Amino acid sequence: MSTIIEANNLTKKYGEFTAVDNLSLEVREGEIFGLLGPNGAGKTTTIMMLAGLIDPTSGNAIVAGFDVTREPRKVKAVTGYLHDRFACYDNLTARQNLDFYAQLNDIPKSKRAKRIDSLLEAVGLSRWKDVKVGKFSRGMKQRLGIAQALINEPKIVFLDEPTAGLDPQGTREVRMLIKRLCREEELTVVVTSHILPEVEQLCSRIGIMKDGKLIAVDTFENLVKRLAPEEGIFIRLELNKLDDKLLRSIEDMPGIRSVDRDGNELMIHADHDLREKLAAAIAEAGSLILTMHIVQPRLEEVFLKVYGRGWI
Amino acid sequence: MAGMWTIAKKEIIDHLTSVRFIIIFAVLVILILCSAYEGVQQYFKEGSRMLIPGQSAFLAVFTWGITEKIAVVGSLLGIAIGFAAISQERDSGSLITLLTHPVFRDSVINGKLMAGACALIFASFTAIALALTTVITLTGVAPTGDETARLLTFMGISGLYMIMWLGVSMFFSVVMRDTTSSLLASIITWLISTNLIYSIASLIASIVAPLGGGIITPHRIGWKRHFEVFRAITRFSPTCCYRDVAQSVLGSSFRGGLIIVEPGKPMPAPPSLLECLSQSWPEITVIVVVLVVSFAASYLLFMRQEIR
């Protein structure tokens, strides 16, 4: 996979305040990249710079082959952007709004209607296409915002807190929509969020921001390993029968830290993945495994532990 | 100018279908029609006695009250279009959405000014044309060539004056934090320009050139100086300037209503349209300068503003 976004030492200062501090980042084509961090960590400022909306104080970024400072319009032409307080024109219908944005992107009239219809279909707003946006719910507006960001068939889409302010149903719909569209439209997506499960569910790689700095970039699993190596691994086991001898042999296995028993269920805390050894020991003792799986430590718990501050 | 026409087109439709615009426009039209009707009735009653010597009866009938309606309500129409131009989009968040698309920032503000100007030209021309139709219908008299030229000039000046208010209110909509403050600033400016300026001018004139007691005659030096100071101050008000230019163009006054006729001497001939315009150029300049300065300032500020 080739690199589609490359940021080098991006810095943005507002007076004395440094919103983004010397941030370097690479995003690969076709991935869903998540920027995670608490409010005020500089996530929005970062993607606004990447989308050519604000000029960096120093540093530069190449997005889809264009320099964000020198060619912001070209960057905008090949990217889509949904900002965290997305709003369009309440006095226009969904279709009129999209038509306006399509015209701004110089989409020829012959193609506009078709593109708008297919986008409204994709985001599930076909039934409401001739309803004024002022009457839309928050979730519907957000879905229209996603359609708006895709109007120019972009290569990259920036989504700033796409599920902020939505109810659980709306949140679920928007997440599924992002995943589906990303697959269907072959997009690269950069999404910011302060909601951990969201990033965990959506993103192939995650960048963690704190006080304007990008402090870690990796896959979710690697981040967990790296940020909390001492966490170890949790294995949940359910057996058809469990006697004291088997329990002791498990407890005595090297690499096992602790074993909690609840009837025939066990929660095992180990240094690393011991499933094969466990299976062999259980088979030897004549018991059957009903279920066995690894329980990921919650990313949230890892972060709370590492940074000692509330995130959600 | 990527996007400018698209934005202008959308804005024009927005204006012409907005309740705010329609209501003020309707009020303006109704007031102007009432003035036209009143003017005709008064002329039927009073005849040429109420004309300034040399004044065209048609224009006199036509202008009684109409200039004032445009000076006051027409300017409100300009403000109604401009005060929310940028601030409302900034408040709601639609400005960022707009700027995420490949448009130049200046296209946004230019498009908005252009759309507002078109809507105002449409409004002023329609209102004045309706008044003209009313006067022609009621009197059965059609305007002469000179009168038509004067009326068209009057339309142009009125449009320019309303666009100037658009520029001023757009400036506030860029500068002020939110739409409410922008509206408030525009209204205060409007109030000073249309009304309070007279109190301010009169106060300053009384301090700088006190009148003293006794009978006021045009020959008294103090009176003349007082009047000059008063006029100089009112020149700061675009509304006063508009009133002067409009009156002058329509031939209903000799430079701001002050005619000094020496006994025994003949009345001076009324000035031609071109003479009127050349006499009024300082006032026209004030209106144009206010428009250009306020727009240039909004433009520069908007281009530099951080969006967040």
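Values in this text are rule-based calculations from the coordinates and carry no lab data. In this text, all values refer to a predicted model and were calculated from it rather than measured experimentally. No Cβ is skipped: glycine too gets one built from the backbone with ideal geometry, and neighbour counts run over all protein chains shown.
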Dipole magnitude (debye, nearest 20) for chain A, charges at Cβ of Lys, Arg, Asp, Glu: 1420 debye
A:Ala280-B:Lys9 pseudo-label distance in nm [points 7 Å out on the Cα-to-Cβ vector]: 7.4 nm
Arrange B:Val29, B:Val245 by Cβ neighbour counts within 10 Å, fewest through most, would you? B:Val29, B:Val245
Only Cα pairs under 8 Å and at least 6 apart count here; give the relative contact order of chain A as a rounded whole percent. 19 percent
Checking understanding here: applying a Kyte-Doolittle mean of at least 1.0 and a length along the axis of at least 15 Å (C-alpha), which whole DSSP H helices in chain A pass? none
Among residues other than B:Ser107 whose Cβ falls under 14 Å from its Cβ, what is the net charge (Lys/Arg +1, Asp/Glu -1)? +2
From zero outward in steps of 10 Å, how is the percent of C-alpha pairs of the stretch A:22-170 spread across the bins? 11, 38, 35, 15, 1
Quick shape check on the protein assembly as shown: root eigenvalues a ≥ b ≥ c of the Cα gyration tensor, a/c under 1.5 is rounded, otherwise prolate if a/b tops b/c, else oblate, and it reads prolate
By a straight-distance test (C-alpha under 13 Å), which aspartates and glutamates pair with A:Lys111 as possible cross-link partners, with residues fewer than eight away in the same chain excluded? A:Asp99, A:Glu153
By how many nm would the segment from B:Leu211 to B:Ala296 lengthen if fully extended, with 0.36 nm per residue of separation less the alpha-carbon distance? 26.5 nm
Least to most buried among B:Met170, A:Met49 (fewest other Cβ within 10 Å first): A:Met49, B:Met170
What ranking do B:Ile207, A:Ile32 get, fewest neighbouring Cβ atoms within 10 angstrom at the top? B:Ile207, A:Ile32
So the pair-distance distribution of chain A, from every Cα-Cα distance in 20 Å bins, comes to percents of 29, 45, 22, 4
On a 20 Å Cα-Cα criterion, which of the cross-link pairs A:Lys76/A:Lys114; A:Lys129/B:Lys10; A:Lys13/A:Lys141; A:Lys12/A:Lys213; A:Lys74/A:Lys210; A:Lys245/A:Lys277 come out too long? A:Lys76/A:Lys114; A:Lys13/A:Lys141; A:Lys74/A:Lys210
Computed [θ] at 222 nm, deg cm²/dmol, chain A (DSSP H ≥ 4; -39,500 (n - 2.57); rounded to nearest 500): -10500 deg cm²/dmol
The Rg/Rh figure for the stretch B:2-304, Cα atoms and Kirkwood Rh, to two decimals is 1.02
GNM of chain B, Cα pairs under 10 angstrom: of B:Lys112, B:Lys69, B:Lys224, the biggest fluctuation goes to B:Lys224
Using a 7 Å offset from the Cα along the Cα-to-Cβ direction at both A:Glu238 and B:Gln42, what is the distance between the two label points in nm, to one decimal? 9.4 nm
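May I ask you to derive the relative contact order of the stretch B:2-304, considering only C-alpha pairs under 8 Å and at least 6 residues apart, and to give it as an integer percent? Mind showing how you got there, number by number?
Working: 379 pairs, mean separation 75.7, N = 303.
Answer for the stretch B:2-304 is 25 percent.
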GNM on chain A, C-alpha springs below 10 Å: top fluctuator among A:Glu251, A:Glu221, A:Glu173? A:Glu251
Which whole-angstrom value gives the distance between the alpha carbon centres of the stretch A:123-175 and the stretch B:149-182? 37 Å
